[in-house]
Structures are given as structure tokens and as C-alpha cells.
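One structure is given below, encoded as C-alpha cells.
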Amino acid sequence: LFFAGWAMGQPERKTEKTAIHCAAWTAKKGMTDADWENFKKGFAKLPDKFPGMRRLWAGKLGEPVTINGLTRDHAIAFEFDNIAAKRAYSASPNRPEWQALFATVREPGSSSFDLVGE
């Protein structure tokens, strides 16, 4: 009985059908640990403001990357139910408030892309 329950609880190996929005960015010069902690607190509340947003990631890149001559050292990622939810996020009236929070920890601009699961 134990092994039957264990087998049923194993994750199914499949590709996800959600959409992921990722952005690599450069930390603001002089960003403090307190700035970063305040950002993460506000960042964690984003799913309450954007319907269809599931999960979030924010942190330093394992290794900095250079894209179009700009070195990026941090990244964020959002998981959405689907690409329609990501597009709604992009057009949301709540976006300026989020962008103001993001501006507290990054130099202007980021390198971003969307991955749509199939």
C-alpha cells in the first residue's frame, strides 16, 4: 500500500503549458541589502495585482551575461497561466506601480523574453 501511494505521488514528467516571462537586468549602483529586501517584499505581492500570475523568481544570475554590450547580473521570472495572462499583465493599469518598484533596484532597461509552453 505504501509503494502504491508513493508511485501515485511521483511527479509526472511533461512539459508545462504555462508562459514564462524572464528579464535579465543590471543592479543599480549602490543597491543595498535593505533595498533588495524591500524589493523582494513588494515583488512577492505581484500575483495579487495581476490575474493569471502564478509564481515568481528574483535573484542574482549564476554568472553575469553580456547582451548587446550590457552586462546583466540579476534576473526576474514570472510564470503565467498562459500567454493571454502575460499580455494582460503587460497592459494592466497596475504595471506603472510595479515598474516604479523595479526601478528602485535596477539600472534602466532589461533584456527580456517570453517562453510559451507547448
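Going by what's in this entry, would ALA7 be described as small (Gly, Ala, Ser) and closer than 17 Å to LEU115 by Cβ?
For ALA7, the condition - small (Gly, Ala, Ser) and closer than 17 Å to LEU115 by Cβ - is not met.
Taking segment 88-108 as the range and being more than 18 Å from GLY30 (Cβ to Cβ) and in contact with a strand residue (DSSP E or B) (Cβ under 9 Å, 6 or more places away or on another chain) as the test, the residues that pass are ALA88, TYR89, SER90. Identify all residues within segment 16-60 that are touching a residue at least 40 places away in the same chain (Cβ under 8 Å) and surrounded by fewer than 10 Cβ atoms within 10 Å (Cβ to Cβ); write none if there are none. Passing the criteria: only LYS29. Apart from one condition, ARG13 fits all of (1) open to solvent by 60 Å² or more (accessible area, probe 1.4 Å); (2) under 14 Å from the mean Cα position of the chain (by Cα); the exception is (2). Number of residues in segment 88-117 that are under 18 Å from GLY42 (Cα atoms), open to solvent by 70 Å² or more (accessible area, probe 1.4 Å) and in a helix (DSSP H, G or I) equals 3.
Among the criteria (1) of a type outside the set (Ser, Thr, Tyr); (2) out of contact with any Gly (no Cβ under 7 Å at 6 or more places or on another chain); (3) more than 22 Å from GLY109 (Cβ to Cβ), the one TRP25 does not fulfil is (3).
The values are calculated or read from the model by the stated rules, or taken from the named source; none is laboratory data. Since the model is a prediction, treat every value here as computed from it, not as a measurement. So basically every Cβ, Gly included, is an ideal-geometry build from the backbone, and we count neighbours across all protein chains shown. Note: accessible area is taken over every heavy atom of the protein model, side chains too, but ligands, DNA and RNA are not part of it. Shrake-Rupley method; radii C 1.70, N 1.55, O 1.52, S 1.80 Å.
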